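Rule-based calculations on the coordinates, nothing more; no lab input. Bear in mind the structure is a predicted one, so any value in this text is a computation, not a measurement. Ideal geometry is used to build each Cβ from the backbone, glycine not excepted, and the neighbour counts take in all protein chains shown.
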Amino acid sequence: MNRMNAARQQILESLRRERPPAERLPELRGMWHRYADRSRQFADAVESVGGACRFVPDLDAIEPLAKEQIVASGADIGRCASAVPGLRVGRAALASDSPLADLERMDWVFAPGRFAVAENGAVWIDGGDLPCRAALFLCRHLALVVRADEIVHNMHEAYDRLTWNGARGGSEFGLFLSGPSKTADIEQSLVIGAQGAKTLCVFVLGRSADRPS
């Protein structure tokens, strides 16, 4: 063993001898913040970060609203796609081998969310529900669909439900997404859409009113 390796070994052995005793991790179970109306809190949180939230009774009610948004945004119906089972919006198709050049030209993408968080307006998206996850970040406008009864109160409850990295049947990719893309430089000039979608709309299934009562 040369001098450098010997010195390295001495340092490592010294660190092992001086290792501090293990500390017990804090208990994360507790009475975390809960909301009287999770749907209302979720809608308020989404809108506070620049998104929109629409409450609909079922998938059929989304289609006319989605078409209105597509027309209002000046989008091409041929560059709109849905990855939500049963939601027929747009003429484009998403596939695992979709060319990035095609995704960059995508006007609208409709994607399913597994659940949502009332606390911060975030939606958990599991990569296993999408044929092409890059579409989430390359489209101009993004719409997510999540059930009202899948809205949890806070991030503690949300983490208890995570299924990513292959655990409990989830995929190896997932993310929390809230609001359209926003960034600001040192001069605090806000730019929307520089790193992702320019707009975000969340359709919440299971409430008949446009906003919860």
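A few comments on the model shown:
- Rounded to whole numbers, the Karplus 3J(HN,Hα) couplings from phi for region 118-131 are 5, 4, 10, x, 8, 10, 7, 10, 9, x, x, 8, 10, x Hz, using 6.51 cos²θ - 1.76 cosθ + 1.60 with θ = phi - 60°, and x at Gly and Pro.
- Normalised contact order of region 34-205, rounded percent, pairs of Cα under 8 Å and 6 or more residues apart: 27 percent
- Put simply, the amide H of Arg54, placed in the peptide plane, has neighbours under 5 Å in Val202, Phe203, Val204, leaving out anything fewer than 5 places away on its chain.
- Hull volume per residue, based on the alpha-carbon atoms of region 87-156 and their convex hull, is 94 Å³.
- Here the sum of -39500 (n - 2.57) over DSSP H runs of 4 or more residues, divided by the residues of the chain, equals -7500 deg cm²/dmol at 222 nm, to the nearest 500.
- In a simple Cβ point-charge model (Lys, Arg +1; Asp, Glu -1; nothing else charged), region 34-205 has a dipole of about 140 debye relative to its Cα centre.
- Within the chain, the longest segment free of exposed loop sites, counting GluC sites (Glu not before Pro) that fall outside DSSP classes H, G, I, E and B and have at most 16 other Cβ atoms within 10 Å, spans 28-171.
- Region 54-110 and region 1-32 have Cα centres spaced 52 Å apart.
- The chain, Rg to Rh (Cα coordinates; Rh as Kirkwood inverse mean 1/r): 1.14
- The antiparallel fraction among DSSP beta bridges confined to the chain stands at about 30%.
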